[in-house]
Amino acid sequence: MKNILLKLWIFIAPAVFLPSLRAAEDEYYTWKPDFYDYGKKTQCMDIPEDLKLCINVGYPQMLLPNLLDHETIAEVKQQAGSWVPLVHKACHPGTQVFLCSLFAPVCLDTPIYPCRWLCEAVRDSCSPIMQAFGFPWPEMLNCDKFPLSEVCLSMNTTSSNDTDTSPGVPSVCPPCDNEMNTDAILEHMCASEFAIKTKIKEVKTDNLDRKVILQKKRKPVKRGNLKKQDLKELVLHLKNGADCPCQQLENLKSNYLIMGRSVGKQYILTGIHKWDNSSKEFKKALKKLKSHKCPAFETVFK
């Protein structure tokens with residue numbers, strides 16, 4: 001056991017997390033998650049550079065199959081890519097640590113799982129942002145699956161910035177992040193089923209949401225499954241956006257790239273960027289849109 005912990009420390013010392021020792025060694029081996037097959041042959045491999053979720057997580061090698069039972073690196077990349085935008089939202093300082101401990105676990109003889117409290121902290125901070133984009137917290141990351149009182153992976157709170165480690169309400173509504181950045185625009189686009197160029201006619205408060213009513217002139221940029229009649233009648237909801245700032249919704253004169261997706265009986269606003277032909281980043285995003293390969297969100301967030 002000492003060798004395992006020593007190896008874990010050597011691997012992850014540059015990162016922001018440490019093993020949390022919460023019980024004796026014999027207790028650790030009594031806990032076996034029901035979603036990992038210990039009979040499978042495992043291998044260590046270098047974390048590939050195009051595994052963007054975990055390339056800078058702080059250790060060089062990962063275990064396959066991983067702790068989500070992905071057997072090939074191609075499957076890991078496809079599934080992990082869906083989570084990169086959430087890490088960029090910085091909803092919790094432990095988001096990348098938690099996700100990479102599962103998608104690209106440290107290469108040890110015995111798997112080290114994230115602590116349940118870390119899962120719960122990330123879930124509680126980040127699920128409101130996921131919900132704003134129409135995605136639920138997935139069952140595969142059900143926090144009840146992770147250890148409560150055994151050896152587990154935890155955040156090193158002593159090395160983090162004590163002035164602001166607690167999660168809070170985002171300063172800006174997540175779909176309203178006004179970064180004129182190609183990658184940010186494409187990430188919003190990938191989380192959306194459709195995108196249109198239009199102006200906003202009116203914005204109303206609707207309980208905890210804001211209802212966004214559009215001008216009649218609407219030019220599809222990415223139609224998705226949106227039918228012609230749907231486009232005509234389209235009204236979008238900014239989920240839980242009644243109180244968080246959204247600068248774009250205060251200026252009704254500009255054209256916007258407005259993105260959304262269907263969730264239940266509503267259309268959710270998932271992104272809004274000023275239509276700015278003077279911005280190189282914006283024009284680059286529109287140009288890359290046709291060839292850009294998006295992560296398969298629907299296979300992950302079920």
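The values are calculated or read from the model by the stated rules, or taken from the named source; none is laboratory data. Here the structure is a predicted model, which is why all the values come from computation and not from measurement. Reconstructed Cβ throughout: ideal geometry from the backbone, glycine too, with neighbour counts over all protein chains shown.
Of the residues Leu269, Leu226, Leu238, which is surrounded by 15 or more Cβ atoms within 10 Å (Cβ to Cβ), in the same structural domain as Ser291 (by TED's automatic domain parsing) and touching a Phe, Trp or Tyr at 6+ places or on another chain (Cβ under 6 Å)? Give the derivation first.
Values: Leu269 fails: touching a Phe, Trp or Tyr at 6+ places or on another chain (Cβ under 6 Å); Leu238 fails: touching a Phe, Trp or Tyr at 6+ places or on another chain (Cβ under 6 Å).
Checking each option against the conditions leaves just Leu226.
I need the helices (runs of 4 or more DSSP H) fully contained in the stretch 14-103, keeping only those with at least 1 residues that are in the same structural domain as Ser125 (by TED's automatic domain parsing) and modelled with pLDDT of 90 or more.
Numbers: elements: 25-28, 73-80, 84-88, 95-103.
Here the list reads 73-80, 84-88, 95-103.
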Tally the residues that are aromatic (Phe, Trp, Tyr), within 24 Å of the chain's Cα centre (by Cα) and outside any helix (DSSP H, G or I), restricting the search to the stretch 261-288. 1
If you go through the stretch 226-258 one residue at a time, how many are in a loop (DSSP other than H, G, I, E, B) and among the hydrophobic types (A, V, I, L, M, F, W, C)? 6
Of the residues in the stretch 153-187, those that are surrounded by 13 or more Cβ atoms within 10 Å (Cβ to Cβ), among the small types (Gly, Ala, Ser) and at pLDDT 50 or above come to Ser154, Ala184
